[in-house]
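Worksheet: the structure to be examined is printed underneath.
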Amino acid sequence: MRVLVTNDDGIDSPGLHALARVAIAAGHDVVIAAPDEEASGSSASITAHDAYAVTAAGGRGRIRVREETFPGLDAPAHRVYAAPALIALLAAHGSFGPAPEIVLSGINRGANVGHAILHSGTVGAALTGGLNDGRGLAVSLAVANAEEHPHWETAAAIVARVLPLIADQPIGTVLNVNVPNVDAGGAAALALLEAPLARFGIVHTTVTESDDGHIDLAIADPSARFDTGTDAALLAGGAATITSIRPVVEAERRVLAPAATL
């Protein structure tokens with residue numbers, strides 16, 4: 001299948017390269033297109049930088065793209081000066097060759113669990129793929145801090161197990177996968193469990209003070225409040241998790257009575 005590999009950590013990320021190697025080894029037709037620099041927290045933003053702005057009058061814009069090559073990666077690669085969701089959107093419109101049937105996003109350095117995935121650029125790219133006649137797979141490795149060594153090969157081994165599954169799903173399917181950061185020697189024994197989203201993510205941001213024209217934020221650890229069986233709880237317990245998520249759809253609950261108007 002035609003596969004776009006992207007991320008929000010930037011095109012030079014080892015996690016991106018590990019993900020691309022898995023897709024290439026599986027025999028897919030792979031193209032790499034990823035941000036020139038880190039774009040974490042960009043959600044499904046379609047912003048670009050180092051670009052000519054789209055004007056209302058002309059309706060046109062230009063986004064800078066530069067071809068790259070990486071040792072050991074036999075796939076075309078593009079450094080794109082834009083957010084990951086915009087890259088996925090550009091790919092859907094044929095900017096990097098045939099439109100992708102699967103958008104692989106990651107491997108992100110740090111978990112993306114709970115309802116906080118709304119803010120993730122990794123997840124935003126996968127959702128954009130699902131919205132544009134493809135499928136999306138967001139993959140994250142639960143690296144706790146900058147000092148911790150990331151075991152990319154462990155996440156890659158889980159991706160190799162999930163790729164046939166996502167390829168067999170209907171168009172519009174988007175899966176979010178999180179992998180514990182354990183040595184690759186134990187990857188084969190890792191349980192892969194389907195799980196609902198936790199209420200929070202790995203961290204929870206709270207406002208602590210607001211004065212003098214500034215708002216102070218603090219990061220709280222919500223791990224004690226993870227509900228049993230959620231993606232965050234299972235990941236903390238040492239399992240890899242998979243959650244099927246949906247791009248934006250209408251809510252089932254109506255806010256107006258039938259035939260009513262305001």
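The values are calculated or read from the model by the stated rules, or taken from the named source; none is laboratory data. Computed from a prediction, not measured in an experiment: that's the story for all the values here. All Cβ positions, even for glycine, are placed from backbone atoms using ideal geometry, and neighbour counts span all protein chains on display.
A compact table of results
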{"quantity": "Test result for residue 117, aliphatic (A, V, I, L, M) and surrounded by 24 or more Cβ atoms within 10 Å (Cβ to Cβ)", "calculated": "yes"}
{"quantity": "Residue that is surrounded by the most Cβ atoms within 10 Å (Cβ to Cβ) [pool: residues in the range 154-186 that are over 26 Å from residue 100 (Cβ atoms) and among the hydrophobic types (A, V, I, L, M, F, W, C)]", "calculated": "182"}
{"quantity": "Residue within the range 129-152 that is closer than 19 Å to residue 236 by Cβ, among the polar types (S, T, N, Q) and surrounded by fewer than 24 Cβ atoms within 10 Å (Cβ to Cβ) present", "calculated": "yes"}
{"quantity": "Residue within the range 174-190 that is charged (D, E, K, R) and over 15 Å from residue 1 (Cβ atoms) present", "calculated": "yes"}
{"quantity": "Answer from 116, 99, 146, 75 - the residue that is in a loop (DSSP other than H, G, I, E, B) and at pLDDT below 95", "calculated": "146"}
{"quantity": "The range 119-141, residues that are of a type outside the set (S, T, N, Q) and at pLDDT below 95", "calculated": "119, 121"}
{"quantity": "Residue 37 part of a strand (DSSP E or B), over 21 Å from residue 117 (Cβ atoms) and at pLDDT 80 or above", "calculated": "no"}
{"quantity": "Residues that are buried (at least 24 other Cβ atoms within 10 Å of the Cβ) and assigned to a strand (DSSP E or B), drawn from the range 2-17", "calculated": "3, 4, 5, 6"}
{"quantity": "Residue in the range 18-26 that is modelled with pLDDT of 90 or more and part of a strand (DSSP E or B) present", "calculated": "no"}
